[in-house]
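The values are calculated or read from the model by the stated rules, or taken from the named source; none is laboratory data. Just so you know, these numbers come straight off a predicted model, no measurement behind them. Cβ atoms come from the backbone with ideal geometry, glycine included; neighbour counts cover every protein chain shown.
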Amino acid sequence: MRLQMNKKRNSVEFKITGRYALFSDPITRVGGEKFSYQVPTYQALKGILESIYWKPTFIWYVDAVRVINKIQTESKGVKPIKMNGGNDLSYYTYLRDVEYQVLAHFEWNEFRKDLLPDRNENKHHHIAKRCIEKGGRRDVFLGTRECQGYVEPCDFGHGTGFYDCYGEIDFSIQFHSYDYPDSTGKDELAIRLWRAKMKDGYIEFPLPKDCDPDLRRIIRDMTTKRFEVNQNFTLIDEDQSILDLLTEERS
Amino acid sequence: MSLWQDLADSYDKNADILSSIYPISTTTISNNGDIIATIIIDGEGNFLKADKFEKVKKDKNGKDSTQPVQICIPVTEKSMGRSSGIAPHPVFDQYEYLNGNGKKFEAYISELAKFASSEFATQQIKAIYKYVAKGTVKTDLEEIAPKDKTNIIFEVQIPGNLKGKVWEDKMFFEAWNNYYLNQIKNTKTLDYITGNYLPIASSHPKKIANSSANAKLISDNDSTNFTFRGKFKDSTEAFSISYEASQKAHQFLRYLINEKRGYYCGEQVILSFTIGSIRNSLPPPLDDTKSIWDFLQEFQCKTEHEKQINLRAETGLDYADALKKSLGGFGYSKTMEQHIKTAVIVLDAATTGRLSITFYRELDRNEYLECVADWHQTCKWNLQFWSNENQKFVKYISAPTIDKIIESVYGKSRSNNDESYIKIKKTARERLLRCIFDKALLPVDYVTAAVRRASNPLGITTNGKFDRDGFNQLLATTCALVCKNYQQNKKEELKLNIELERSDRDYLYGRLLGAADKLEERALKEKDKGRITAAIRHMQAFSQHPFRTWQTIHNCLTPYIQMFRGDFALNEIQTIHKLFKPSDYKNDDPLNGLYLIGYYHERAYIEHLIAEAKNKKQTIINEEKEIENVRQ
């Protein structure tokens, strides 16, 4: 059953594969044992998009993900390092041989009015597509840093997947995403849970603002970092060392 | 598909049964290490007498002479996780908390006072409070002489109330649970398990599996390391679970483990259960086919044919086939609903204090049965078991147990408490479990190791002597593994009986070895029982250089060849030679696992030929006798 996806004007689609993935379940993670969710969280996919291409002007929104390979786990004994030196012993349970097709789009970040001049939809869309073809600007990883992922362009919904005629699987309550102050405008850090359901391999994500508000939990206060010119960053036109380089090259 | 939700749901669905044996807000005490003292009082708090549960002792035969008991006692979150601080249990506690003086007693009595005066307290609780407040526990228990850590429980005899033993009264635990929930009702938070707003759990239960008693599944006390610090300041920011959901999930898990429904190896526990049900109705995944078949008999709608199979240990019965038919067929699925879910969990403790889930699979019941049946169907071989009533080996077709496979790959455990073997066994079990339920490919290194081990028969000894039966078992298990390997890599189903036309070099060399073995075995049976056949002695060299070693073996056979002219084995050797392709025979390359299959097949075939000939002879003798009788 191919989902009829509502693709937006600036949608991007890509395929991500990896040998291992670890989307840690927060319940057991706090004890030190990492146990993966069966499917990626919204935040993990958003993180992948941000590794591929990100500018503070816009926010990525993941529309849907399609699970291609069968969900398999593998657990490994690991020796994570303790803060004060020395090792701990743990069991981490990873997902094995994962492949996902992702459909996402971006919208302007309304809380960065200072970046209004940068809101050129065409430009960002094309750069994003080029980045996907190159496999992403930064390192892509599936959940945790040791699970390297590989990004390739694809046609969302094409090809056969293991769960094509599987029906519906309910993953019950799962972590969905964080709400950071720079995208909500409120000075607080919040998390969101949601009920994950997979139909024939497709998981559709509603927009965060359309998620069930009862499943949102405010953790603590947090403020956005303010970027001020000449306080914590400088414009390249005014940077002395670069100007020196340029005059050198010209002469 | 969430483990915690499944466990909590399963507890809810069976709450009426589970709340009496595993009520929430409780833990258990036992008489394993110490006596349990019982104080019997009346409804007004007056002392009547003292009693005790004896400590479990082992008598001369190593059996328990006293009945081991497990008693539930109500606990608070703080008191459950107590170690060296002062944290009293609500009602039943240790002697040092009840003995009338000291800080511990004061803490205990003030908590009990609050409980007894609350609206939830039953008359029994009020009576207990009245009694303990008197402070006479010390003198009243003088004859029992309890130690500081002895557990003390109460029995309240009220006329008209038959449930004198307070620890058996469901209402007592309900009262405590309601009171405690009332205490924590203002700590509501978003529960990550159910999604509802419920009072938070400040700590989570331990003592889930007996082998790792102090280990917690959910532990939130790490304030010095990297587990959640950074983004979150403390553990309540990282996640929140409601008290009820945590208790229910843990109690259900504890129920499963304590009912011995799993496989235990060191600290590892492997469980499979039906979500929402406490009936033990799933075939245990790691057993061999015959055991699973026996297990399923309880749930079968028996047809006549199946009853017949039950009644005798059927020779040559293909249990794997029968299992597949029955799991897919009528009897089993009709007795249970179709669309229920099952789960397989493996728990392990990497360190004391932390239990972790190393494997979790949620499957449709049909998928579970299909996985099990598939495994047995593809990994089966001719096995045999010793039948005491018939006093001989009975052959049947089945898959070996997981533990037997591990033994064939790694060898046997060196002693009763071989720690490194337990470590190896744990990972091996998990790996093979993945082969069953994830349909992962059987690891090639396992097959190679097993073939190598089977190629060295002189390593299989008991009391220093070569153990033929042990070797046969190892051989059968290895053949099963080779079969499975062939099926998944070369997509070929190897037959369980001999293939007379097959001309693969490894197969034919295996057959040669089998024939030589059988030939000498027969000769030695009559002459020299203890001597090991040349085939066995040279098997290891044979598997590496078959062409060269075969000359050696054949030379050893010369004396026996002259003994048995028309022998089957000898004929077989000649037949096999003809089947070789010319270049194959001279090829001295090492053999792969297929030669073991050839070896086994040839031996079985010759035995079959001998048996056939014997039968024929017998019938001829019988016929002659009949003719004699008719004549007379």
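Report those strands (runs of 3 or more DSSP E) wholly inside the stretch A:78-181 carrying at least 3 residues which are free of Cβ contacts under 8 Å to residues at least 12 places away in the same chain and within 14 Å of another protein chain (Cβ to nearest Cβ).
On the way: elements: A:90-108, A:149-153, A:168-179.
Passing ranges: none, list empty.
Of B:Lys586, B:Lys529, B:Lys525, which residue is basic (Lys, Arg), touching a Phe, Trp or Tyr at 6+ places or on another chain (Cβ under 7 Å) and more than 22 Å from B:Asn456 (Cβ to Cβ)?
Going through B:Lys586, B:Lys529, B:Lys525 in turn, the sole match is B:Lys586.
Of the residues B:Ile193, B:Ile241, B:Ile200, B:Ile184, which is closer than 20 Å to B:Thr27 by Cβ and at the interface with chain A (Cβ under 8 Å from one of its Cβ atoms)? Give the steps one after another, and end with the answer.
Details: B:Ile193 fails: closer than 20 Å to B:Thr27 by Cβ; B:Ile200 fails: at the interface with chain A (Cβ under 8 Å from one of its Cβ atoms); B:Ile184 fails: at the interface with chain A (Cβ under 8 Å from one of its Cβ atoms).
Answer to the selection: B:Ile241.
Any residue in the stretch A:203-225 that's surrounded by 15 or more Cβ atoms within 10 Å (Cβ to Cβ): show its pairings with residues that are of a type in the set (A, V, I, L, M) and assigned to a helix (DSSP H, G or I) at Cβ separation under 9 Å, as long as the two are six or more apart or on different chains.
A:Phe205/A:Leu45; A:Ile219/B:Ala238
Inside the stretch B:441-492, can you point out the residues that are part of a loop (DSSP other than H, G, I, E, B) and closer than 22 Å to B:Cys371 by Cα? Even if it seems obvious, please write down each step before you answer.
First pass over the stretch B:441-492, keeping only residues part of a loop (DSSP other than H, G, I, E, B): B:441-443, B:455-456, B:460, B:463-464, B:467, B:490-492.
B:Leu441, B:Leu442, B:Pro443, B:Lys490, B:Lys491, B:Glu492, listed by residue number.
Is it the case, given these coordinates, that B:Asn571 is surrounded by 13 or more Cβ atoms within 10 Å (Cβ to Cβ) and part of a loop (DSSP other than H, G, I, E, B)?
On the way: surrounded by 13 or more Cβ atoms within 10 Å (Cβ to Cβ): yes; part of a loop (DSSP other than H, G, I, E, B): no.
So B:Asn571 does not fit the description; no.
For the structure I just gave you, tell me whether A:Ala104 is over 26 Å from A:Tyr37 (Cα atoms), buried (at least 20 other Cβ atoms within 10 Å of the Cβ) and under 15 Å from the mean Cα position of the chain (by Cα). It would help to see each step written out before you state the result.
Numbers: over 26 Å from A:Tyr37 (Cα atoms): no; buried (at least 20 other Cβ atoms within 10 Å of the Cβ): yes; under 15 Å from the mean Cα position of the chain (by Cα): yes.
Taking the combined requirement at face value, the residue does not satisfy it.
Condition check: among the acidic types (Asp, Glu) and either touching a Pro at 6+ places or on another chain (Cβ under 8 Å) or within 11 Å of chain A (Cβ to nearest Cβ) (or both). Does B:Asp348 satisfy that? Show your work before the answer.
Details: among the acidic types (Asp, Glu): yes; either touching a Pro at 6+ places or on another chain (Cβ under 8 Å) or within 11 Å of chain A (Cβ to nearest Cβ) (or both): yes.
So B:Asp348 fits the description; yes.
Is it the case that B:Leu141 is crowded, with 20+ Cβ neighbours inside 10 Å and among the aliphatic types (A, V, I, L, M)? Give the steps one after another, and end with the answer.
Values: crowded, with 20+ Cβ neighbours inside 10 Å: yes; among the aliphatic types (A, V, I, L, M): yes.
So B:Leu141 passes the test.
Can you pull out the residues in the stretch A:61-77 that are more than 10 Å from chain B (Cβ to nearest Cβ), within 17 Å of A:Tyr20 (Cβ to Cβ) and surrounded by 17 or more Cβ atoms within 10 Å (Cβ to Cβ)? Can you show your working first?
As a first pass, look at the stretch A:61-77 and keep what is more than 10 Å from chain B (Cβ to nearest Cβ): A:61-69.
Remaining after also requiring within 17 Å of A:Tyr20 (Cβ to Cβ): A:67-69.
Across the stretch A:61-77, the qualifying residues are A:Val67, A:Ile68.
Of the conditions (1) touching a helix residue (DSSP H, G or I) at 6+ places or on another chain (Cβ under 9 Å); (2) at pLDDT 65 or above; (3) of a type in the set (Ser, Thr, Tyr), B:Thr303 fails just one. Which one is it?
(2)
Could you list, in sequence order, the residues of the stretch A:182-220 that are away from chain B (no Cβ under 13 Å), farther than 21 Å from B:Gly230 by Cβ and part of a helix (DSSP H, G or I)?
Residues of the stretch A:182-220 away from chain B (no Cβ under 13 Å): A:182-187, A:199-202, A:204-210.
Checking which are farther than 21 Å from B:Gly230 by Cβ leaves us with A:185-186, A:199-202, A:204-210.
Result: A:Pro208, A:Lys209, A:Asp210.
Look at the stretch B:420-444 and say how many of its residues are charged (D, E, K, R) and either more than 17 Å from B:Leu481 (Cβ to Cβ) or free of Cβ contacts under 8 Å to residues at least 40 places away in the same chain (or both). Full working, then the answer.
Let us first name the residues in the stretch B:420-444 that are charged (D, E, K, R), namely B:423, B:425-426, B:429-431, B:434, B:438-439.
Of the ones still in play, those that are also either more than 17 Å from B:Leu481 (Cβ to Cβ) or free of Cβ contacts under 8 Å to residues at least 40 places away in the same chain (or both) are B:423, B:426, B:430-431, B:438.
So the answer is 5.
Quick check on this structure: which one of A:Thr28, A:Thr17 is among the hydroxyl-bearing types (Ser, Thr, Tyr) and within 13 Å of chain B (Cβ to nearest Cβ)?
One residue alone meets the criteria, A:Thr28.
Can you tell me which residue within the stretch B:404-440, out of those that are among the small types (Gly, Ala, Ser) and not in a helix (DSSP H, G or I), is nearest to the other protein chains (Cβ to nearest Cβ)?
Within the stretch B:404-440, the first condition is being among the small types (Gly, Ala, Ser), and the residues that meet it are B:408, B:411, B:413, B:415, B:420, B:428, B:440.
Adding the requirement that they be not in a helix (DSSP H, G or I) leaves B:411, B:413, B:415, B:440.
Details: B:Gly411: 22, B:Ser413: 20, B:Ser415: 24, B:Ala440: 7 Å.
Looking at the filtered set, the residue picked out is B:Ala440.
For the stretch B:367-382, indicate whether the set of residues that are in a loop (DSSP other than H, G, I, E, B) and either surrounded by fewer than 16 Cβ atoms within 10 Å (Cβ to Cβ) or in contact with a helix residue (DSSP H, G or I) (Cβ under 7 Å, 6 or more places away or on another chain) (or both) is non-empty. So that I can check it myself, show each step before the final result.
First pass over the stretch B:367-382, keeping only residues in a loop (DSSP other than H, G, I, E, B): B:379-380.
Pick out the ones that are also either surrounded by fewer than 16 Cβ atoms within 10 Å (Cβ to Cβ) or in contact with a helix residue (DSSP H, G or I) (Cβ under 7 Å, 6 or more places away or on another chain) (or both) and you get B:379-380.
Yes; the residues of the stretch B:367-382 include at least one that is in a loop (DSSP other than H, G, I, E, B) and either surrounded by fewer than 16 Cβ atoms within 10 Å (Cβ to Cβ) or in contact with a helix residue (DSSP H, G or I) (Cβ under 7 Å, 6 or more places away or on another chain) (or both).
Please go through the stretch B:574-603 and give me each residue that is part of a helix (DSSP H, G or I), crowded, with 16+ Cβ neighbours inside 10 Å and not aliphatic (A, V, I, L, M), ordered by number.
Initially, the stretch B:574-603 is screened for residues part of a helix (DSSP H, G or I), giving B:574-579, B:582-586, B:594-603.
So of that shortlist, the ones also crowded, with 16+ Cβ neighbours inside 10 Å come out as B:576, B:579, B:584-585, B:594-603.
Of everything in the stretch B:574-603, those that are part of a helix (DSSP H, G or I), crowded, with 16+ Cβ neighbours inside 10 Å and not aliphatic (A, V, I, L, M) turn out to be B:Asp584, B:Tyr585, B:Tyr595, B:Gly598, B:Tyr599, B:Tyr600, B:His601, B:Glu602, B:Arg603.
So in the stretch B:1-32, with the set limited to residues that are of a type in the set (Gly, Ala, Ser) and touching a residue at least 60 places away in the same chain (Cβ under 8 Å), which one is nearest to the other protein chains (Cβ to nearest Cβ)? Can you show your working first?
Keep residues of the stretch B:1-32 that are of a type in the set (Gly, Ala, Ser), which gives B:2, B:8, B:10, B:15, B:19-20, B:25, B:30.
If we keep only those that are touching a residue at least 60 places away in the same chain (Cβ under 8 Å) as well, we get B:2, B:8, B:10, B:19-20, B:25.
Values: B:Ser2: 4, B:Ala8: 10, B:Ser10: 13, B:Ser19: 23, B:Ser20: 28, B:Ser25: 20 Å.
Top of the filtered list is B:Ser2.
Identify, please: which residue in the stretch B:194-220 is charged (D, E, K, R) and surrounded by 18 or more Cβ atoms within 10 Å (Cβ to Cβ) and is, among those, modelled with the lowest pLDDT? If you could, list the steps in order and put the result at the bottom.
Keep residues of the stretch B:194-220 that are charged (D, E, K, R), which gives B:206-207, B:216, B:220.
This time we only want the ones that are surrounded by 18 or more Cβ atoms within 10 Å (Cβ to Cβ), so: B:206, B:216, B:220.
Details: B:Lys206: 79, B:Lys216: 79, B:Asp220: 69.
It comes out as B:Asp220.
Quick check on this structure: which one of B:Arg279, B:Arg254, B:Arg261 is surrounded by 15 or more Cβ atoms within 10 Å (Cβ to Cβ) and in a loop (DSSP other than H, G, I, E, B)?
Numbers: B:Arg279 fails: surrounded by 15 or more Cβ atoms within 10 Å (Cβ to Cβ); B:Arg254 fails: in a loop (DSSP other than H, G, I, E, B).
None of the other options fit; the residue is B:Arg261.
Look through B:Gly514, B:Gly510 and report the one residue that is assigned to a helix (DSSP H, G or I) and touching a Lys or Arg at 6+ places or on another chain (Cβ under 7 Å).
Details: B:Gly510 fails: touching a Lys or Arg at 6+ places or on another chain (Cβ under 7 Å).
Being assigned to a helix (DSSP H, G or I) and touching a Lys or Arg at 6+ places or on another chain (Cβ under 7 Å) holds for just one of B:Gly514, B:Gly510, which is B:Gly514.
Condition test on A:Lys34, is it free of Cβ contacts under 8 Å to residues at least 40 places away in the same chain, closer than 27 Å to B:Asn225 by Cβ, at the interface with another protein chain (Cβ under 9 Å from one of its Cβ atoms) and not polar (S, T, N, Q)?
On the way: free of Cβ contacts under 8 Å to residues at least 40 places away in the same chain: no; closer than 27 Å to B:Asn225 by Cβ: yes; at the interface with another protein chain (Cβ under 9 Å from one of its Cβ atoms): yes; not polar (S, T, N, Q): yes.
When the stated conditions are applied, A:Lys34 does not pass them.
Give the residue, chosen from B:Ile29, B:Ile109, B:Ile35, B:Ile41, that is buried (at least 16 other Cβ atoms within 10 Å of the Cβ) and in contact with a Lys or Arg (Cβ under 6 Å, 6 or more places away or on another chain). Full working, then the answer.
Working: B:Ile29 fails: in contact with a Lys or Arg (Cβ under 6 Å, 6 or more places away or on another chain); B:Ile109 fails: in contact with a Lys or Arg (Cβ under 6 Å, 6 or more places away or on another chain); B:Ile41 fails: in contact with a Lys or Arg (Cβ under 6 Å, 6 or more places away or on another chain).
Matching residue, one of B:Ile29, B:Ile109, B:Ile35, B:Ile41: B:Ile35.
Could you tell me whether any residue of the stretch A:110-118 is touching a Gly at 6+ places or on another chain (Cβ under 7 Å) and under 30 Å from B:Asp348 (Cβ atoms)? Spell out the reasoning first.
So in the stretch A:110-118, the residues touching a Gly at 6+ places or on another chain (Cβ under 7 Å) come out as A:111.
In the following step, the residues that additionally are under 30 Å from B:Asp348 (Cβ atoms) were identified as none.
The answer is no, given that none of the residues of the stretch A:110-118 is touching a Gly at 6+ places or on another chain (Cβ under 7 Å) and under 30 Å from B:Asp348 (Cβ atoms).
Under the condition of being under 22 Å from B:Leu347 (Cα atoms) and surrounded by fewer than 21 Cβ atoms within 10 Å (Cβ to Cβ), which residue from the stretch B:221-238 is nearest to the other protein chains (Cβ to nearest Cβ)?
Restricting to residues being under 22 Å from B:Leu347 (Cα atoms) and surrounded by fewer than 21 Cβ atoms within 10 Å (Cβ to Cβ), the top hit is B:Asp222.
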